[in-house]
Amino acid sequence: MSDSDTRDRSEALRTPIVAVLGHVDHGKTSLLDKIRGSAVSEGEAGAITQHIGATAVPLDTISGIAGSLVDPDDFDLPGLLFIDTPGHHSFSTLRSRGGALADIAVLVVDVNDGFQPQTEEAIDILKRTGTPFIVAANKIDTTPGWNPQDGEPIQVTYDSQSDRARSRLDENLYEIIGQLSDSGFSADLYWRVQDFQANVGVVPVSAVTGEGVPDLLTVLMGLSQRYMKDQMAIDVEGPGAGTVLEVKEEKGFGTTLDVVMYDGTIREGDEIVVGGMHEPIVTEVRALLQPKPLAEIRTEKRFDRVDSVAAAAGVKIAAPDLEDAMAGAPVRVIRDRDREAVIADVESELAEIQVDTEEEGVVVKADTLGSLEAMANALKEAEIPILRAEVGDVAPRDVAVASTAAEAEHQIILGFNVDVLPNAERELEESDVRLFDDDVIYQLVEDYETFVEERKRAQQ
Ligand code: GDP
């Protein structure tokens, strides 16, 4: 038996969890791919570990990529865990309390495009959750003329086409800094930032050429080490806690949960409590699954079973009775704790995101608890009342509920990032209920407001 097996309680520093956010097409997926690619080409087998829903890049690999910028001896955090699903899904699952999914965020902004609606949305959520973030000013390769300032460490070497081009890139970067400032953040190019808690660092990168990626990893690692170390201290052997990323049907396993664990350990056979659509679900872990190594993925079985998983990690949980589980909901291992207390804890965490509903109003459907909360906030600001709000695809029941509204402007379903179930499609056609759906909250609210205004005008 090794030392760690004989220890009852073991304090350890876990990997900080990083989410990548930003407007569609600004390069979130490409940036994640590039980080994974850089880690793999760094050489050593096991340079990265693929989890369910996340990728772990260990400190040694980051150091390999960043060269002299990151000396492993200066760090005691084990690396970074990147949430694989960029954008709305992961950011809307960011949570304000206990179960904060991401410790840090990278906000990707296309350097030529600047702030866009989803950038603003991301900023709102980062503000609300108090999540520290840095900005990756992406696609610098498309604006030739990046000029390394003051010989500082950024490893970007461009053939500058002309002085004008160079200043255009500079202008774009300063515009982003200005936009951050308009949003209430003091920001600067990252090498000028002394205190990353007080200032948002802007890192120019290219997800295509990889330039700036070492700098980005360096800043993330440095920021975590300097400001997050205390938060990363966990009791690794303690009862696990996590957040549901996705609820998924899996052949041979039924309904499963893709979960990011941010505390303790989860083991096969553990009794767990999961936030459900109607009430907390108490069930027992039948299997914990991790992706097969890439080389073996051709085989039928896509997963390896593991006995236990320690935070921070992404894992698929197979267990009975998960049908009503919600993306964004908390997962807690009961183990030696009082079951009722753990249930109460899950309930109180869910209660924090209960939406205020009224007697009359619209029906709201969203893909995760976090996005439902964001929708509710946006509707409240626009003074649009909500009759009912739920996580999940648009179902016939939603159409039935919406059709009971007295006013046509409330016979409405607002769907954020959701699908319409086939039966509901039929019901929608046969009723007066109108569906507005979008994956940009502002757009959804705006479309609905335009509809209401046009109706009013038509009635006058
Ligand atoms: P996402 O929607 O934010 O995930 O954006 P994607 O990663 O899918 O990128 C959108 C498009 O921009 C794709 O065609 C990418 O190839 C391209 N792209 C992303 N990053 C860069 C970059 O740094 N430079 C260039 N030239 N193109 C990029």
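A few points about this structure:
- Hits in segment 320-338 - residues which are modelled with pLDDT under 95, assigned to a loop (DSSP other than H, G, I, E, B) and surrounded by 20 or more Cβ atoms within 10 Å (Cβ to Cβ): Met326, Ala327, Gly328, Ala329
- Residue in segment 180-197 that is in a helix (DSSP H, G or I), of a type in the set (D, E, K, R) and surrounded by fewer than 17 Cβ atoms within 10 Å (Cβ to Cβ) present: yes
- Arg388 falls short of the stated requirement of being farther than 23 Å from Glu359 by Cβ and among the charged types (D, E, K, R).
The rows are residues; the columns are (1) touching a strand residue (DSSP E or B) at 6+ places or on another chain (Cβ under 9 Å); (2) at pLDDT 95 or above; (3) more than 15 Å from the ligand (Cβ to nearest atom).
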{"position": "Ile134", "(1), (2), (3)": "yes, yes, yes"}
{"position": "Gly145", "(1), (2), (3)": "no, no, no"}
{"position": "Gln149", "(1), (2), (3)": "yes, no, yes"}
{"position": "Ile154", "(1), (2), (3)": "yes, no, no"}
{"position": "Asp170", "(1), (2), (3)": "no, no, yes"}
{"position": "Tyr190", "(1), (2), (3)": "yes, no, yes"}
{"position": "Glu211", "(1), (2), (3)": "yes, no, no"}
{"position": "Lys229", "(1), (2), (3)": "yes, no, yes"}
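- Among (1) open to solvent by 60 Å² or more (accessible area, probe 1.4 Å); (2) assigned to a loop (DSSP other than H, G, I, E, B); (3) closer than 28 Å to Ala310 by Cβ - the single one Glu347 does not satisfy: (2)
- Residue satisfying all of: in segment 393-424; of a type in the set (S, T, N, Q) and out of contact with any Asp or Glu (no Cβ under 6 Å at 6 or more places or on another chain); least open to solvent (accessible area, probe 1.4 Å) among these: Ser403
- Search result, residues across segment 198-209 that are within 16 Å of the ligand (Cβ to nearest atom), part of a strand (DSSP E or B) and not hydrophobic (A, V, I, L, M, F, W, C): Pro204
- Scan of segment 303-319 for residues that are within 17 Å of the chain's Cα centre (by Cα), more than 10 Å from Ile266 (Cα to Cα) and in a loop (DSSP other than H, G, I, E, B), ordered by number: Ala312
The values are calculated or read from the model by the stated rules, or taken from the named source; none is laboratory data. Quick caveat, the model's predicted, so the values are computed rather than measured. Heads up, the Cβs are rebuilt from the backbone with ideal geometry, glycines too, and the neighbour counts pull from every protein chain shown. Note: areas computed on protein heavy atoms with side chains; ligands, DNA, RNA excluded. Shrake-Rupley method; radii C 1.70, N 1.55, O 1.52, S 1.80 Å.
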